[in-house]
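Visitor: What follows is a single structure, and I will ask about it in a moment.
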Amino acid sequence: MIRNILIYLSCTLLSVACSSEGTAKSDTPAGNGGSTNAAPICFNHTLLILDSATYHAAVNSAFIKKFAYSQERQLKGYKGFYLFGKTNYIELFHPKSFDGHVEEAGGMWINLAPLKANYLRSLDWEGRDHFNYGSDDQYHDLSLILKDSINPISTWEMTKEHYENWTHKKYNDSLDFLPVDYYSQQDSDPSSNYAMNDVIGIALITNHSDNLAMTDYLTTVGFQIVSDKGGVTTLANNDQFIELHGSEDQRSPAIYKYIIRLNEPVRPMEEIIGNSRSQCEGETATWYFLERP
């Protein structure tokens with residue numbers, strides 16, 4: 001179901017993240033040092049389905065209104081709540097956000113995007129059963145497909161036609177995409193007036209089989225393993241990272257927390273938002289959606 005929703009959403013609100021600003025000083029993976037790899041692959045946006053109480057608490061949160069440039073948007077077929085950073089964003093939904101069907105709370109998806117034309121073609125993904133490659137008029141899509149057709153992560157690269165229609169610039173096969181090529185400047189510009197700069201880290205809870213598949217996918221598209229100990233696998237690219245926390249009780253991958261870079265250092269604070277909580281200190285905020293695995 002989530003995969004069908006992602007296809008439906010593919011025409012709206014796309015962004016890409018590859019910020020060059022200072023690396024956060026806390027809650028980053030040990031040994032990362034902010035930059036392990038120059039592969040042109042970056043966070044684009046991420047989708048999370050919350051329980052209804054947490055969703056409505058987020059929409060009405062005075063804290064979030066100050067924390068991020070955010071809007072609840074009614075689009076064709078669904079309504080969602082969006083938190084925009086400088087070059088990436090978070091989409092939040094509740095189980096009844098989508099017309100005609102109900103989704104399960106906890107559903108998630110991470111979207112990555114390359115900053116180099118023909119990047120997906122250069123990757124060694126053929127022959128892997130859990131990789132799926134597709135293409136339409138707007139994007140080339142390399143997705144990870146787990147059991148039960150669960151799609152927790154994809155990489156979308158702009159097609160020539162979509163690039164030229166969207167940016168009004170000429171495409172060439174050696175083109176380096178810019179963040180603004182994927183991002184709506186109308187959404188990006190106001191973010192500098194809020195605390196949230198960009199999502200720089202995503203932590204998930206996964207079972208062993210899904211952990212192996214996600215690690216395979218992430219290393220294929222350009223992330224590097226920087227730590228694998230204590231049941232946590234950390235993969236990083238530039239100043240962005242993904243943590244995979246092992247738990248054999250986990251049926252499918254679930255987002256445990258977001259780590260968000262802030263525009264300015266802040267004093268320590270904690271805010272409860274429905275069944276989630278946000279902790280801010282210094283240059284980072286950590287938004288928890290599940291108990292520590």
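A quick yes/no check of all residues on (1) touching a Pro at 6+ places or on another chain (Cβ under 7 Å); (2) outside any loop (DSSP other than H, G, I, E, B); (3) β-branched (Val, Ile, Thr); (4) under 18 Å from VAL232 (Cα atoms):
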site	(1), (2), (3), (4)
SER252	no, no, no, yes
GLU264	no, yes, no, no
GLU270	no, yes, no, no
GLY282	yes, yes, no, no
GLU291	no, no, no, yes
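Visitor: May I ask you to say which residue of ASN132, ASN151 is in a loop (DSSP other than H, G, I, E, B), within 21 Å of the chain's Cα centre (by Cα) and under 19 Å from PRO253 (Cβ atoms)?
Guide: Numbers: ASN132 fails: in a loop (DSSP other than H, G, I, E, B).
One residue alone meets the criteria, ASN151.
Visitor: What are the pairs, 6+ residues apart or on separate chains, where a residue within region 173-199 that is closer than 24 Å to THR284 by Cα has its Cβ under 6 Å from a residue that is of a type in the set (Phe, Trp, Tyr) and part of a helix (DSSP H, G or I)?
Guide: ALA195/PHE67; MET196/PHE67
Visitor: Restricting region 142-160 to residues that are surrounded by fewer than 24 Cβ atoms within 10 Å (Cβ to Cβ) and touching a Ser or Thr at 6+ places or on another chain (Cβ under 6 Å), which is nearest to ASP129 (Cα to Cα)?
Guide: SER143
Visitor: Check ILE202, ILE272, ILE225 and return the single one that is among the aliphatic types (A, V, I, L, M), out of contact with any helix residue (DSSP H, G or I) (no Cβ under 8 Å at 6 or more places or on another chain) and surrounded by fewer than 16 Cβ atoms within 10 Å (Cβ to Cβ). Steps first, answer last, please.
Guide: Numbers: ILE202 fails: surrounded by fewer than 16 Cβ atoms within 10 Å (Cβ to Cβ); ILE225 fails: out of contact with any helix residue (DSSP H, G or I) (no Cβ under 8 Å at 6 or more places or on another chain).
One residue alone meets the criteria, ILE272.
Visitor: Take THR233 and tell me if it is without any contact (Cβ under 8 Å) to a residue 60 or more places away in the chain, hydroxyl-bearing (Ser, Thr, Tyr) and part of a helix (DSSP H, G or I).
Guide: Working: without any contact (Cβ under 8 Å) to a residue 60 or more places away in the chain: yes; hydroxyl-bearing (Ser, Thr, Tyr): yes; part of a helix (DSSP H, G or I): no.
No, not satisfied.
Visitor: I've got another one for you. Taking VAL199 and the conditions (1) within 19 Å of the chain's Cα centre (by Cα); (2) over 17 Å from ASN111 (Cβ atoms), which numbered condition does it fall short on, given that it satisfies the others?
Guide: Of the numbered conditions (1) within 19 Å of the chain's Cα centre (by Cα); (2) over 17 Å from ASN111 (Cβ atoms), the odd one out for VAL199 is (2).
Visitor: Using the structure shown, decide if PHE131 is aromatic (Phe, Trp, Tyr), touching a strand residue (DSSP E or B) at 6+ places or on another chain (Cβ under 9 Å) and farther than 25 Å from TYR182 by Cα.
Guide: On the way: aromatic (Phe, Trp, Tyr): yes; touching a strand residue (DSSP E or B) at 6+ places or on another chain (Cβ under 9 Å): yes; farther than 25 Å from TYR182 by Cα: no.
So PHE131 fails the test.
Visitor: Can we say THR220 is surrounded by fewer than 24 Cβ atoms within 10 Å (Cβ to Cβ), hydroxyl-bearing (Ser, Thr, Tyr) and either within 26 Å of LEU83 (Cβ to Cβ) or touching a residue at least 12 places away in the same chain (Cβ under 8 Å) (or both)?
Guide: So THR220 fits the description; yes.
Visitor: Here is a follow-up. Collect the residues in region 53-97 that are in contact with a Lys or Arg (Cβ under 7 Å, 6 or more places away or on another chain) and under 15 Å from ILE273 (Cβ atoms), keeping them in residue-number order.
Guide: Within region 53-97, just GLU72 meets the criteria.
Visitor: What are the pairs, 6+ residues apart or on separate chains, where a residue within region 99-110 that is assigned to a strand (DSSP E or B) has its Cβ under 8 Å from a residue that is polar (S, T, N, Q)?
Guide: These pairs meet every condition: MET108/THR46; TRP109/THR46; TRP109/ASN151; TRP109/SER154; ILE110/THR46; ILE110/SER154.
Visitor: Let me confirm something: among SER278, SER192, SER227, which residue is on the phi < 0 side of the Ramachandran plot and not in a strand (DSSP E or B)?
Guide: SER192
Visitor: Condition first: more than 23 Å from PRO190 (Cβ to Cβ), part of a loop (DSSP other than H, G, I, E, B) and not charged (D, E, K, R). Now tell me which residues in region 72-98 satisfy that.
Guide: Within region 72-98, GLY77, HIS94, PRO95, SER97 qualify.
Visitor: What pairs can you find where one residue is in region 236-255 and at positive phi, the other is part of a strand (DSSP E or B), and their Cβ atoms are less than 8 Å apart, with a gap of 6+ or different chains?
Guide: Sorted first by the residue in region 236-255, then by its partner, the pairs are ASN238/CYS42.
Visitor: Filter region 79-123 down to the residues that are at pLDDT 90 or above and at positive phi, then identify the one that is surrounded by the fewest Cβ atoms within 10 Å (Cβ to Cβ).
Guide: ASN118
Visitor: If the requirement is being aliphatic (A, V, I, L, M) and surrounded by fewer than 18 Cβ atoms within 10 Å (Cβ to Cβ), which of these qualifies: ALA58, ALA62? Give the derivation first.
Guide: Working: ALA58 fails: surrounded by fewer than 18 Cβ atoms within 10 Å (Cβ to Cβ).
Just one listed residue meets the conditions, ALA62.
The values are calculated or read from the model by the stated rules, or taken from the named source; none is laboratory data. Everything numeric in this text was worked out from a predicted model, so none of it was measured. Here Cβ is always computed from backbone atoms with ideal geometry, including for glycine, and neighbour counts include all displayed protein chains.
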